[in-house]
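Asks: Here it is: the structure, laid out below.
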Amino acid sequence: MRNPLPPVPTSLLDIEVAGDLRRGAPTARLVAAPADDVESEPLEIGGVRITGKAGDVQTVTGDGPRWVAGLGDGEPKQYRKAGAALVRAVNAALADDVDHGGRAFRAVQLALPEEASGEHVTELALGLLLGGYRFKVTGDDPKPSVRTIRLVAHDRAVEPFTALVARASVLAGATALTRDLANTPSNVKTPAWLADTAARVAGPRVEVAVRDEKWLTTQGFGGVLAVGGGSARPPRLIEMTYQPSGAARHLLLVGKGITFDTGGLSIKPADGMHLMRTDMAGGAAVIAAIRAVAALELPVRVTALVPAAENHVSGSAYRPGDIVRHYGGKTTEVSNTDAEGRMVLADALVYGIRRFSPDYVVDAATLTGAMKVSLGLRTGGLFASDDALAALVAGAGSRVGEAWWRMPLVEDYAESVRGEFGDVRQTPGGPGGIAAALFLREFVSGLPWAHLDIAGPARSEKNYDEVVPGATGFAARTLVELAASLA
């Protein structure tokens, strides 16, 4: 019997770069919208008036292109939007052709505008690769989809464009793997499954060690054990290392790996709890990022840690009022068992810093609903103890199409994190996103550190740009690009 789960990692389409058009293959074209201050005759192709609006894909008949995708003002990000919209339109046309008895086409060629630069081609490739992503658990055969996009450069820059597309494919693969892991339902995605899958997909250059609950107990990972104690599925620590020879810098990545979050005894409302299968999106981004860094053979050492646990309700669940001792000895007063992410991250941060002595520390987590209120659903919250690292993260995100907004670590609230009965308080009140970041700062030993709160952009309910409903894969590309900038 065929496994109804989609394969992990997802197989993305292939993008080729060629010098000229091939006869007989379906063709698409990219068209920019006319500038507002320029008078010109409207463009018509096959009797269809072309808008050129970014992401607007129109189907035409007769000789010439079958699809025309708008580029708007032609900025690089509009190429990504156009590529994503185009691949969705092509897949819809392919499915319609097959439903009506037509012959399935699996390759489309796309003529690049003469003004397209390497940056434009990179963004276009990301859109094409990710816009058609699908994750569906079904017993039916998968719907047909285009397998190859042939970018036609008209004999200019074929070799440089090919290299850029290859790199974009690795970045897109990191985003897609993050989506795969986060979308997998939690009846399958136990902490052990996540750890085993990370080991399976890591690639030959990444060493993986999976630490079980006995090891966690021996080592004193009190936060992970407290959060995972309410579940029949015990927690894990996923430890991944990429250590190329000659690497001068060492980046530690830590990702929240809560494979399902009921809220524990401080239980969540039923509405929206089903989305908590994606509460390990930060951990997924970290797993995917180190895999991509190794695939690109970047000359920077990277260690990735994912504390994985289920936050469940049972007689063995941790309680509000408990005092938990973390790895390293610091204690936390628990006041809300639904603030579990910071509990597991605290253990992993201290362990990673003491065990590996990194130069930089970055954690990623769907941590606080407050960030969704502050920044909405398309921008990640960036907290940092170091201005240079904050600029590197924001710049990396900008280059790969992920938006970050730096949030303040307000020192006036720092004292509220100090505990009365323990060293620190888990949920001290005040602004939730800032308070959570200040809590985590207590565990980073003064190193250059950035905290990425992705509670908003980690999930989506609709298509936009290269994003599709479900897990978005947000942060994976930023982490890869950050490693590249450190290299």
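Asks: Taking the stretch 384-407 as the search range and keeping residues that are of a type in the set (Gly, Ala, Ser) and part of a helix (DSSP H, G or I), which one is surrounded by the most Cβ atoms within 10 Å (Cβ to Cβ)?
Replies: Gly397
Asks: Something else about it: What number of residues in the stretch 175-228 are within 17 Å of the chain's Cα centre (by Cα), in the same structural domain as Val468 (by TED's automatic domain parsing) and of a type in the set (Ser, Thr, Tyr)?
Replies: 1
Listed here are the residues, each with its yes/no results for (1) on the phi > 0 side of the Ramachandran plot; (2) part of a helix (DSSP H, G or I); (3) within 19 Å of the chain's Cα centre (by Cα).
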{"residue": "Gly230", "(1), (2), (3)": "no, no, no"}
{"residue": "Arg233", "(1), (2), (3)": "no, no, no"}
{"residue": "Leu253", "(1), (2), (3)": "no, no, yes"}
{"residue": "Thr259", "(1), (2), (3)": "no, no, yes"}
{"residue": "Ile267", "(1), (2), (3)": "no, no, no"}
{"residue": "Ala285", "(1), (2), (3)": "no, yes, yes"}
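Asks: Answer yes or no as to whether Glu461 is surrounded by fewer than 16 Cβ atoms within 10 Å (Cβ to Cβ), in contact with a Pro (Cβ under 7 Å, 6 or more places away or on another chain) and assigned by TED's automatic domain parsing to the domain that holds Gly283.
Replies: In short, yes.
Asks: Does any residue of the stretch 320-327 turn out to be outside any strand (DSSP E or B), touching a residue at least 40 places away in the same chain (Cβ under 8 Å) and surrounded by fewer than 21 Cβ atoms within 10 Å (Cβ to Cβ)?
Replies: yes
Asks: Determine if the stretch 117-138 includes at least one residue that is in contact (Cβ under 8 Å) with a residue 24 or more places away in the chain and either aromatic (Phe, Trp, Tyr) or not assigned by TED's automatic domain parsing to the domain that holds Ala69 (or both).
Replies: Yes.
Asks: Now, a different point. I'd like to check something: does the stretch 181-198 contain any residue that is in contact with a helix residue (DSSP H, G or I) (Cβ under 9 Å, 6 or more places away or on another chain) and more than 30 Å from Gln426 (Cα to Cα)?
Replies: Taking every residue of the stretch 181-198 in turn, at least one turns out to be in contact with a helix residue (DSSP H, G or I) (Cβ under 9 Å, 6 or more places away or on another chain) and more than 30 Å from Gln426 (Cα to Cα).
Asks: Quick check on this structure: which one of Arg211, Arg200, Arg179 is free of Cβ contacts under 8 Å to residues at least 60 places away in the same chain, crowded, with 20+ Cβ neighbours inside 10 Å and not β-branched (Val, Ile, Thr)?
Replies: None of the others qualify; the one that does is Arg211.
Asks: From the set of residues in the stretch 92-106 that are small (Gly, Ala, Ser) and surrounded by 14 or more Cβ atoms within 10 Å (Cβ to Cβ), which is nearest to the chain's Cα centre (by Cα)?
Replies: Here the residue is Ala92.
Asks: Checking the condition charged (D, E, K, R), farther than 30 Å from Glu123 by Cβ and in contact with a helix residue (DSSP H, G or I) (Cβ under 9 Å, 6 or more places away or on another chain), which residue from Glu310, Glu333 passes?
Replies: Answer to the selection: Glu310.
Asks: Sticking with this structure for a sec: What's the total number of residues in the stretch 238-261 that are surrounded by fewer than 24 Cβ atoms within 10 Å (Cβ to Cβ) and β-branched (Val, Ile, Thr)?
Replies: Result for the stretch 238-261: 1.
Asks: Name the residues in the stretch 446-467 that are in contact with a strand residue (DSSP E or B) (Cβ under 7 Å, 6 or more places away or on another chain) and within 23 Å of Ala125 (Cα to Cα), would you?
Replies: Passing the criteria: Pro457, Ala458, Arg459, Ser460, Val467.
Asks: Step by step: first the residues of the stretch 184-214, then only those that are touching a Ser or Thr at 6+ places or on another chain (Cβ under 7 Å) and assigned to a helix (DSSP H, G or I), then the one that is nearest to Pro299 (Cα to Cα). Which residue is that?
Replies: Only one residue tops the list, namely Leu194.
Asks: Is there a residue in the stretch 361-383 that is surrounded by fewer than 24 Cβ atoms within 10 Å (Cβ to Cβ), in the same structural domain as Val254 (by TED's automatic domain parsing), touching a Lys or Arg at 6+ places or on another chain (Cβ under 7 Å) and not in a strand (DSSP E or B)?
Replies: no
Asks: Still on this structure: If Gln109 meets every condition in (1) over 28 Å from the mean Cα position of the chain (by Cα); (2) over 17 Å from Val152 (Cα atoms); (3) in contact (Cβ under 8 Å) with a residue 60 or more places away in the chain apart from one, which number is that one?
Replies: (2)
Asks: Just the residues that are in contact (Cβ under 8 Å) with a residue 12 or more places away in the chain, of a type outside the set (D, E, K, R) and out of contact with any helix residue (DSSP H, G or I) (no Cβ under 8 Å at 6 or more places or on another chain), please, taken from the stretch 382-439.
Replies: Ala388, Leu389, Ala390, Ala394, Gly419, Phe421, Gly422, Ala437
For (1) part of a strand (DSSP E or B); (2) crowded, with 22+ Cβ neighbours inside 10 Å; (3) touching a Lys or Arg at 6+ places or on another chain (Cβ under 7 Å); (4) modelled with pLDDT of 95 or more, each residue gets a yes or a no:
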| residue | (1), (2), (3), (4) |
| --- | --- |
| Gly282 | no, yes, yes, yes |
| Ala288 | no, yes, no, yes |
| Pro299 | no, no, no, yes |
| Gly315 | no, no, no, yes |
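The values are calculated or read from the model by the stated rules, or taken from the named source; none is laboratory data. Note that the structure is predicted; figures quoted are calculated from it, not measured. Ideal geometry is used to build each Cβ from the backbone, glycine not excepted, and the neighbour counts take in all protein chains shown.
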